[in-house]
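Student: For reference, the structure I am asking about is given below.
A short reminder: the numbers here are calculations on the coordinates, not readings from a lab. All of these numbers come straight from a predicted model, not from anything done at the bench. Cβ sites come from the backbone with ideal geometry, for glycine too, and all protein chains shown count toward neighbours.
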Protein chains: 2
Amino acid sequence: MMNLQSLTTPHVQCGSCPIRHRAVCARCDSDELEVLDSIKYYRKFEAGQTVVWAGDQVDFVGSVVSGVASLTQTMEDGRRQMVGLLLPSDFVGRPGRSTAAYDVTATTDLMMCCFRKGQFEKMMQETPHVSQRLLEMTLDELDAAREWMVILGRKTAREKISSLLAIFARRNTLLTGGEASGRIVIDLPLTREAMADYLGLTLETVSRQISALRKAGVIELQGKRHVIIPDFDRLLDETGDDSDGGFYD
Amino acid sequence: MMNLQSLTTPHVQCGSCPIRHRAVCARCDSDELEVLDSIKYYRKFEAGQTVVWAGDQVDFVGSVVSGVASLTQTMEDGRRQMVGLLLPSDFVGRPGRSTAAYDVTATTDLMMCCFRKGQFEKMMQETPHVSQRLLEMTLDELDAAREWMVILGRKTAREKISSLLAIFARRNTLLTGGEASGRIVIDLPLTREAMADYLGLTLETVSRQISALRKAGVIELQGKRHVIIPDFDRLLDETGDDSDGGFYD
DNA sequence: CGTCCTCTTGATCCTCGTCAAATAGGGTGG
DNA sequence: CCACCCTATTTGACGAGGATCAAGAGGACG
C-alpha cells in the first residue's frame, strides 16, 4: 500500500482559523500573522493515512487544524507504543531536526496547516512570539507526557481506559467552552487497537475493559465509537486520580 | 520529619562551571554569563532529601550541577511513578508556573545552580539565547519522555532493567567523552525502589531481574550499586531496542 | 448477500505483583 | 574492635491481572 498523496486545499485566512488562539501562532500580532499567512499551506489526510514515516526526511512542520493524529514508535519485533496524541492546535515536527523520529498517522480525517521547515525556522529567529509560544506548548506537552507515564507505569487496565475516556471527555468540553461534568457524549477518535497502543495494552484487554465499564454503568455505548458518559465524576472515580483534579499553574 | 534547610555554598564562576556548555546557559556569551553569574546561587542537597514537594510554592528554577534528582508523581493510594530523571545540566522548574507539579528529590548528593524565578523570567525576555536553549532542552526532554513511554508501555521487566542500565552506561561514557561500547563500569545513582518507580515495576521484580542478568553474565555486581558491564552490546541485545541505535538528528 | 474489518468474548498461560522471610552491609554505641 | 540495629536488598511461594490464542459477532460496503 502506498502513502496516498495528500491534498492541498484552498487558502483560509489565519484570522478566521479555528486554532488561531491556541496554536503556535497564538501570540502573533496581525503583522506577523500576515507573514505566516503568506507562507503556510494546508494539507488534508484521510483517516488511517500515514503523514510521515519514522526515519523519513521531513521538510515541513505544522499544526493540526482539525482531526486527530498520533505519533507511534514501533519496536523491531512489532510491538507498538503511541508516544503522542495530536489534537487540534498541537504542533507537529521538530525545528532543527531533519528526519522524523516517529511515525505520524492520521487517526481520523485530518487537516494540517504546514510551513516549510526552513521558512519556519527563519520565522522563529525573527519572531520571538513564535518561539515563545512553541516553548510554552512544548512544556505543556512534556507535562502531558508525564501524566501519561503515570498511566503507563502504574495504572490498571480499567484505570487506563477510564483515564483515556476522561481525556477525550475533557477535550470535547474544552472545545465547547466549559468544565467537564455531568453527562458527556464523545466519539472515540481511535480504534481499539490505537487505544491499546496508547495505553500499553492489547486490543482484547481494551475491549474487555470497555465492556466492563459498560456493564458497571460507567459508560453507555451506541455502536463501537459513540460513548455516553452519564456521570463524569463517576468516570473520574475509576481513573485512580486524585478526586481534586490536582491542577497547578 | 522536616525538610532540612539546604546549604548555600561559596560562589563559583560560571566560566569554570562543569555544565557551562550543556545547561540552559550554554549559548550565552560572556556578557550574558556575567549577568547570570551575579544572580545565581548554589544549593546543596544530601541524598534522599526532598528539594521541592508537589503543590508547594516554588520561587526558583535551576540546573543540576552535579548529582542526580528525580521528579516523582504519587497517586492518592501511594503508587508512585518517576516522571523525570535529572542529570547534570538538566533544568528544574517551569517558568510561568508558581507551584511544583511533582516531588523533586535528590537521589544522590546534589548540587544545584539556582535563580529566583522572577529574575530568570526577566532574563528569558531579554536574552533570546536563554529561551532558545531552554526550548532546545525541553524538546530533548520530550524525546526522552517518549522513549521512556515505550519502555513503560511495551517492554518486559528484563528489557526495562537492561534499558535503564544502558541509559546510565551511555551517560557515564558521555561524560568521559566517547561512545558506549565494550566494558563499562557504573555506579547506580538509584535505589532498587527508585529504579522500580522509574520503570513501573516493584522493587522485588527489579531485584530479581538484576539477579537474572547477573546469572546470565550480562552484568557483574560488586556490592549493591557498583555494576560492571563486560560487553555493552550484549546488554543492548537485552533492551529490545533496534540494534542500530535508531538515532536521528 | 457475501466479504472485509473491527470489535467482542472465551479459555488458558505466564509474567509480574503481593506477602513473607532471610541476608547483607553500614553505621553506631559500648 | 565487636555486638547490635537499621535499612536496602535478595529470595521464595503464591496468586492475579493481562497477554495470547482462538472463535464469533456486528457493520459497512461492494
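Student: What distance in nm separates the two pseudo spin-label positions at B:ASP109 and B:SER38, each 7 Å out from Cα along the beta-carbon direction?
Tutor: The two pseudo-label positions are separated by 3.3 nm.
Student: Sticking with this structure for a sec: Please list, by residue number, every one of the trypsin sites (Lys or Arg not before Pro) in region A:102-160 that is coil in DSSP and has at most 14 other beta-carbon atoms within 10 Å. Intermediate values should be presented prior to the final figure.
Tutor: Numbers: sites: A:ARG116, A:LYS117, A:LYS122, A:ARG133, A:ARG146, A:ARG154, A:LYS155, A:ARG158, A:LYS160; in loops: A:LYS155.
Nothing satisfies the criteria.
Student: Which distances, in nm and shortest first, link the A:ARG27 label point to the same label point in every other copy, taking 7 Å along Cα→Cβ?
Tutor: Between copies, matching label points for A:ARG27 lie 1.4 nm apart.
Student: Follow-up question, since we're still on this one. Taking the Cα centre of region A:118-179 as origin, sum charge times position over the Cβ atoms of Lys and Arg (+1) and Asp and Glu (-1), and report the length of that vector in debye to the nearest 20.
Tutor: For this selection, approximately 400 debye.
Student: List the distances, in nm to one decimal, from the label point of B:SER66 to the label points of the same position in every other copy, shortest first, placing each label point 7 Å from Cα along the Cα-to-Cβ direction.
Tutor: So the distances to the same position in the other copies read 5.8 nm.
Student: Relative to the Cα centre, what is the charge dipole magnitude of chain B, using +1 at the beta carbon of each Lys and Arg, -1 at the beta carbon of each Asp and Glu, and rounding to the nearest 20 debye?
Tutor: 620 debye
Student: Follow-up question, since we're still on this one. Just the Cα atoms of region A:12-115, one point each, no solvent: what log10 I(q)/I(0) does Debye give at q = 0.11, 0.21 Å⁻¹?
Tutor: Results for region A:12-115 at q = 0.11, 0.21 Å⁻¹ read -0.34, -1.10.
Student: Only sites in a loop by DSSP and with at most 10 other Cβ atoms within 10 Å count here; which trypsin sites (Lys or Arg not before Pro) in region B:165-249 make the cut?
Tutor: B:ARG183
Student: Here's something else I'd like to know. So how strong a dipole does region A:156-237 carry about its Cα centre when Lys and Arg Cβ are +1 and Asp and Glu Cβ are -1, to the nearest 20 debye?
Tutor: On the way: 12 positive and 10 negative charges, 36 e Å.
It comes to approximately 180 debye.
Student: Now for a separate question. Using a simple spin-label model with points 7 Å from Cα along the Cα→Cβ vector, what separation in nm is obtained for B:THR176 and B:ALA47?
Tutor: 2.0 nm
Student: Round to the nearest 10 and give me the degree value, 0 to 90, for the angle of helix A:117-126's Cα axis relative to the longest principal axis of chain A.
Tutor: 80 degrees
Student: How large are Rg and Dmax for chain B when calculated on the C-alpha trace, in angstrom?
Tutor: 18.8, 56
Student: Using helices alone, what [θ] at 222 nm do you get for chain A, with -39,500 (n - 2.57) per DSSP H run of 4 or more residues, divided over all residues and rounded to the nearest 500?
Tutor: Mean residue ellipticity at 222 nm (helix-derived): -12000 deg cm²/dmol.
Student: Still on this structure, please answer the following. Need one number: nm distance between label points at A:ASP237 and A:GLU121, each 7 Å from Cα along Cα→Cβ, rounded to one decimal.
Tutor: According to this spin-label approximation, the distance is 5.4 nm.
Student: I've got another one for you. Would you mind estimating how fast region B:156-237 diffuses translationally, via Stokes-Einstein at 20 °C and 1.002 mPa s with the Kirkwood radius over Cα pairs, in µm²/s? Display every interim value, and only then the final one.
Tutor: Values: Rh = 12.6 Å.
In µm²/s, the coefficient is 170.
Student: Round to a whole angstrom and tell me the spacing of the C-alpha centers of region B:80-104 and region B:177-228.
Tutor: So the two Cα centres are separated by 24 Å.
Student: Among residues other than A:HIS226 whose Cβ falls under 13 Å from its Cβ, what is the net charge (Lys/Arg +1, Asp/Glu -1)?
Tutor: +1
Student: For A:SER16 and A:THR191, FRET efficiency with R0 = 30 Å and r from the beta-carbon atoms, rounded to 0.05? Present the calculation step by step, with values, prior to reporting the outcome.
Tutor: Numbers: r = 32 Å, r/R0 = 1.08.
Calculated value: 0.40.
Student: Give or take rounding to whole Å, what are the principal axis extents of the alpha carbon atoms in the protein assembly as shown, in descending order?
Tutor: Largest to smallest, the principal-axis extents are 59, 54, 47 Å.
Student: In chain A, once you exclude exposed chymotrypsin sites (Phe, Trp or Tyr not before Pro) (DSSP loop, at most 16 other Cβ within 10 angstrom), what's the longest stretch remaining?
Tutor: With a cap of 16 other Cβ atoms within 10 Å, the longest stretch comes to A:54-246.
Student: For a label point 7 Å from the Cα of A:GLN57 along Cα→C-beta, name the residues of region A:114-151 whose backbone N is under 18 Å from it.
Tutor: Those under the cut-off are A:115-121.
Student: Under the convention of a label 7 Å out along Cα→Cβ, give the distances in nm from B:GLU46 to the same position in every other copy, shortest first.
Tutor: Reported distances to equivalent positions: 6.6 nm.
Student: What FRET efficiency comes out for B:ALA212 versus B:ASP77 if R0 is 35 angstrom and r is the Cβ-Cβ distance? Round to the nearest 0.05.
Tutor: That pair, B:ALA212 with B:ASP77, gives E of 0.75.
Student: Now, a different point. Over region A:156-237, what is the mean sequence separation of C-alpha contacts under 8 Å (at least six apart), divided by residue count, expressed as relative contact order in percent?
Tutor: This gives 38 percent for region A:156-237.
Student: Here's another thing I want to ask about it. For A:SER98 and B:ASP31, what does the FRET efficiency come to when R0 = 41 Å and r is the distance between their Cβ atoms, rounded to the nearest 0.05?
Tutor: According to the calculation, E is roughly 0.80.
Student: Given the pairs B:LYS122/B:LYS155; A:LYS155/B:LYS224; B:LYS44/B:LYS155; A:LYS122/B:LYS122, which are separated by over 31 angstrom at their Cα positions? Each step should come with its number before you reach the end.
Tutor: Values: B:LYS122/B:LYS155 43 Å; A:LYS155/B:LYS224 29 Å; B:LYS44/B:LYS155 36 Å; A:LYS122/B:LYS122 24 Å.
Pairs exceeding 31 Å: B:LYS122/B:LYS155; B:LYS44/B:LYS155.
Student: Exposed loop GluC sites (Glu not before Pro) only (DSSP loop, at most 14 other Cβ atoms within 10 Å): please give the longest stretch of chain A free of them, not including the sites.
Tutor: Between exposed loop sites, the widest span is A:77-178.
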